[in-house]
Amino acid sequence: MLQGWPLTFGAGVALLVLGILLGRALTLAVDRRRNQRAAGEQPHYLLGLNYLISNQPDLAMVELSQAVRGETDAIEAYLALGNLFREKGQVERAIDIHKSLLHRAQITELGRMQALFSLGLDFKKAGLVDRAERTLLELVRRDPDNLSGWHCLGKVYEEMGRWQEAIEIQERIQTLTGARDNRLLASLWTERGRQALADGDQPSALSHFRTALRLDPAYEPGRIGAGDCLMETGDIDAALAQWEEALGDDAAWAGNALLRMLAACEGTDDLARLETACLLVLERHPRSWRAMWVQARLHHERGEDEKAREVLAKALFERPGSLTVQRALWQAYAAEDLDYRELGGLLDRASREAKLVDPYVCLRCGFKSTQAFPRCPHCHDWNTLAEEQA
Ligand SMILES: [Zn+2]
C-alpha cells in the first residue's frame, strides 16, 4: 500500500499544506512579535520554518521539536512537525502528533481542519485506507468546500477501487472549482466498467463504458473496454467497430486496439477489416511496432513469408526487446529452415542500434511500463501515458 502513495499528488498536497502553514505561521509569528509575547520560544519556531523553506527537513525537525517542547499552543509547529515525520516515513509519529491536536479543547476550527487533513494523509500513507476515509469524511462534513479534503478522499476511493464514490467526488470537485474535465470523469467511468467486466457483469460494464464515451467520445481506453465487453458477449462485429474508433492519434492505444482486432480476426476468413485497420495505424504511426507485427501476421496469412520477415526485422529495430517480435522471427526462420546465424546477426545489430527499453512512459513522472495504462501505476495521475520513441 505504501508504494501506492501517489508521489506527484503527495508532493502537491505537501506543498499546499506547507504554503498554508507558512502563511498562517508567519502571520502568527509577526503578531506574536508585535505583542512581545512568548519571545523566548520564537527562535526555534522561526528557525524551523526557515529550514523548511530552505528544504532542510532534518534541521527543521530539530527546531520544531524544540518549539513544541517550549510552547504548547503552537498548533502550526505541531502540524508542520507531524507532516515532516510523515514525509520521512515515520507515519506513526505523525499520526500521534496530529491526533493529539484533535484532542485539544482550545483548538480553533481552522486548526481542527488542518489536523484532520494531515491525519487523513498520514493514514493514507500508512495504507490505512478505512481510517483515512473516516477522517477525511469528517473533514468534508465539517467543511463541505474543502477542495483538498475532497481531492484526497477521491484518491482514497480510487485506491480502494470504489469507483462509484470516486466519480461522485470528482463531480463534486468539478462543481466546486467550475472546471470541467470530461476526460478525467471518462477515465473513472472506464475503470468502473473494467471492474464490472472483471466481476462478470457485462451489462453494467457496457453501460459504464458507454457513459465514459458519452463524456468523451475520443477516450480510447473507454472504446477498448467497450470492445472487450462486446467481444465477451460474442458480438464480434460491434467489438471491432469499437476498436476501430480507438485507432486515432495516440500510438499506444491505437496499437493496443489493433492487437485486439488481430486476436478477434485471426483464424477467420475475413481479414479485410484488420488489414484496413493495420494500414490506417501504420499511416498515422509509421513507427508503431505493434502495427508492423500485425502486418507481418497478415503477410504470413497470405503466404508472403519473405515480406513478413522484412516487416518483422523492421519491428525488431523499433523494439529490440520485444519477445513477441523476437519469437515471431525465430518461428519464421525455423518454418523455412533458414540460417539462424543470419538471425543472430540481426538481433545483435538491433540491440546495438536501438535505444529503446520500455514501450510506454508516463509524461508526468517518467514511470516506464510494458503495459498500457489509463492511470499511471506510479504517480496515479490520469491519462499521462505516451509511447516512448527512440
Ligand atoms: Zn506517472
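Tabulated data for the structure shown
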| item | result |
| --- | --- |
| The range 295-315 versus the range 138-199: alpha-carbon centroid distance in Å | 46 Å |
| Environment charge at Thr177 (Cβ cut-off 12 Å; Lys +1, Arg +1, Asp -1, Glu -1) | -1 |
| Too-long pairs where the Cα-Cα distance tops 21 Å, listed order kept, from Lys307/Lys368; Lys99/Lys124; Lys125/Lys368 | Lys307/Lys368; Lys125/Lys368 |
| Ellipsoid semi-axes in whole angstrom, largest first, where each is sqrt(5λ) of the Cα gyration tensor of the range 45-113 | 19, 14, 10 |
| Inter-label distance, nm, simple model (7 Å from Cα along the C-beta direction), Thr268/Ser351 | 3.9 nm |
| Set of aspartates and glutamates with alpha-carbon distance to Lys314 below 13 Å, sequence-local pairs under 8 removed | Glu306, Glu353 |
| Average projection area in nm² (convex hull over Cα atoms of the range 284-344, one quarter of hull surface) | 3.9 nm² |
| Rounded D (µm²/s) - the range 237-356, Kirkwood Rh over Cα pairs, Stokes-Einstein at 37 °C, 0.692 mPa s | 224 µm²/s |
| Around Gly227: net Lys/Arg minus Asp/Glu count, Cβ-Cβ under 14 Å | -2 |
| Net lengthening on full extension, Gln90/Asp201 (0.36 nm per residue, minus Cα-Cα) | 35.8 nm |
| Whether the range 98-171 is rounded, prolate or oblate, judged on the alpha carbon gyration tensor where a/c under 1.5 counts as rounded | oblate |
| Estimated FRET transfer efficiency when R0 is 25 angstrom, pair Leu363-Arg180 (beta carbons, to 0.05) | 0.70 |
| Fluctuation leader among Gly120, Gly227, Gly89 - the chain, Gaussian network, Cα springs under 10 angstrom | Gly89 |
| Distance between modelled label sites at Glu310 and Ser65, nm, 7 Å Cα→Cβ extension | 7.1 nm |
| Cα centroid separation, the range 92-137 to the range 319-390 (Å) | 45 Å |
| Relative contact order (%) - criterion: Cα under 8 Å, at least six apart; region: the chain | 9 percent |
| Over the chain: Rg over Rh, Cα atoms, Kirkwood Rh | 1.12 |
| Calculated FRET value between Arg214 and Leu280, using beta carbons and R₀ = 22 Å, to 0.05 | 0.35 |
| Summed side-chain charge close to Trp382 - residues other than Trp382 whose Cβ falls under 10 Å, Lys, Arg +1, Asp, Glu -1 | -1 |
| Two-site label geometry, Arg327 and Glu342: point separation in nm, points 7 Å out along Cα→Cβ | 2.4 nm |
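All of the numbers you see were taken from the coordinates with simple rules; none came from a lab. Predicted model only: the values in this text are computed from it and were never measured. Please note: Cβ atoms are built from the backbone with ideal geometry, for glycine as well, and neighbour counts cover all protein chains shown.
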